[in-house]
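Peer 1: Okay, here's the structure, questions in a sec.
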Amino acid sequence: MSMTPAERQALLVQLLKQHLLGEISQGQMLKKLRKEVLGFSQTRYAEFVGVSRRTLTDIEQDKGNQAQSMIDTVFKPFGIKSGLTPIHPHVAKHMMTGD
């Protein structure tokens, strides 16, 4: 099943919100994007972005301490760059809703 551009964008926005609110981890977000948007296996995606499969597995399982440049590399195909994220979900919620 192929996603339309609008469906891809909606999924991306939904996952980013969930991540900012602390509902899903960075690794969970990457895994869902890799599978649902591209339909790639870990091996294929690792080759696509130029990292080892082991590194990709570690990122998706939230293991290790990856360099910011590595995180940027694996999220780049989805138009995402790592950056500052609020520690407290209520701050992120306030940022999104203005409440």
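Peer 1: If you add up the charges near Phe40, with Lys and Arg at +1 and Asp and Glu at -1, over every other residue whose beta carbon is less than 11 angstrom from its beta carbon, what do you get?
Peer 2: Details: positive: Lys31, Arg34, Lys35, Arg44; negative: Glu36, Glu47.
Residues close to Phe40 contribute a combined charge of +2.
Peer 1: What's the carbon and sulfur percent of the chain's accessible surface, probe 1.4 angstrom, rounded to a whole number? Please report the intermediate quantities before stating the final value.
Peer 2: Working: 3500 of 6550 Å².
Solvent-exposed carbon and sulfur of the chain make up 53 percent of the total.
Peer 1: Sticking with this structure for a sec: Using 0.36 nm per residue, how much length does the chain from His88 to Gln14 gain when fully extended, once their Cα-Cα distance is taken away? Working shown, then result.
Peer 2: Values: separation 74, 0.36 × 74 = 26.64 nm, distance 1.82 nm.
Stretched fully, the His88-Gln14 segment lengthens by 24.8 nm.
Peer 1: Which order do Phe75, Phe48, Phe40 take by accessible area at a 1.4 Å probe, largest first? Write out the running numbers ahead of the final one.
Peer 2: Values: Phe75 5, Phe48 125, Phe40 30 Å².
Most to least solvent-accessible, the answer reads Phe48, Phe40, Phe75.
Peer 1: Go ahead and collect, in residue order, the members of segment 43-69 whose backbone nitrogen is under 19 Å from a label point 7 Å along the Cα-Cβ direction of Ser25.
Peer 2: 43, 46, 52-69
Peer 1: With a cut-off of 16 Å, note down the residues of segment 56-81 whose backbone N falls inside the zone around a label point 7 Å from the Cα of Met95 toward its beta carbon.
Peer 2: 80-81
Peer 1: Please give the solvent-accessible surface of Ile24 in Å², to the nearest 10, using a probe radius of 1.4 Å with every protein chain present.
Peer 2: 40
Peer 1: For the chain, how many pairs of lysine residues have a Cα-Cα distance under 18 Å, where the two are 8 or more positions apart or belong to different chains?
Peer 2: Close lysine pairs found across the chain: 12.
Peer 1: Before rounding to the nearest 500, sum -39500 (n - 2.57) across all DSSP H runs of length at least 4 in the chain and divide by the residue total; then give [θ] at 222 nm in deg cm²/dmol. Mind showing how you got there, number by number?
Peer 2: Details: 6 runs with 57 residues, N = 99.
Helix-only estimate at 222 nm: -16500 deg cm²/dmol.
Peer 1: Rounded if a/c is under 1.5, else prolate if a/b is larger than b/c, else oblate: which is segment 15-66, with a ≥ b ≥ c the root eigenvalues of its Cα gyration tensor?
Peer 2: Numbers: a/c = 2.80, a/b = 1.39, b/c = 2.02.
Cα axes put segment 15-66 in the oblate bin.
Peer 1: With every protein chain present, what is the per residue accessible area of segment 5-93 (1.4 Å probe, Å²)? Could the numbers behind the result be given before it?
Peer 2: Working: 5560 Å² over 89 residues.
Value for segment 5-93: 62 Å² per residue.
The values are calculated or read from the model by the stated rules, or taken from the named source; none is laboratory data. Since the structure is predicted, the reported quantities are computational estimates derived from the model, not experimental observations. Heads up, the Cβs are rebuilt from the backbone with ideal geometry, glycines too, and the neighbour counts pull from every protein chain shown. Surface accessibility is based on the protein's heavy atoms, side chains included, excluding ligands, DNA and RNA. Shrake-Rupley method; radii C 1.70, N 1.55, O 1.52, S 1.80 Å.
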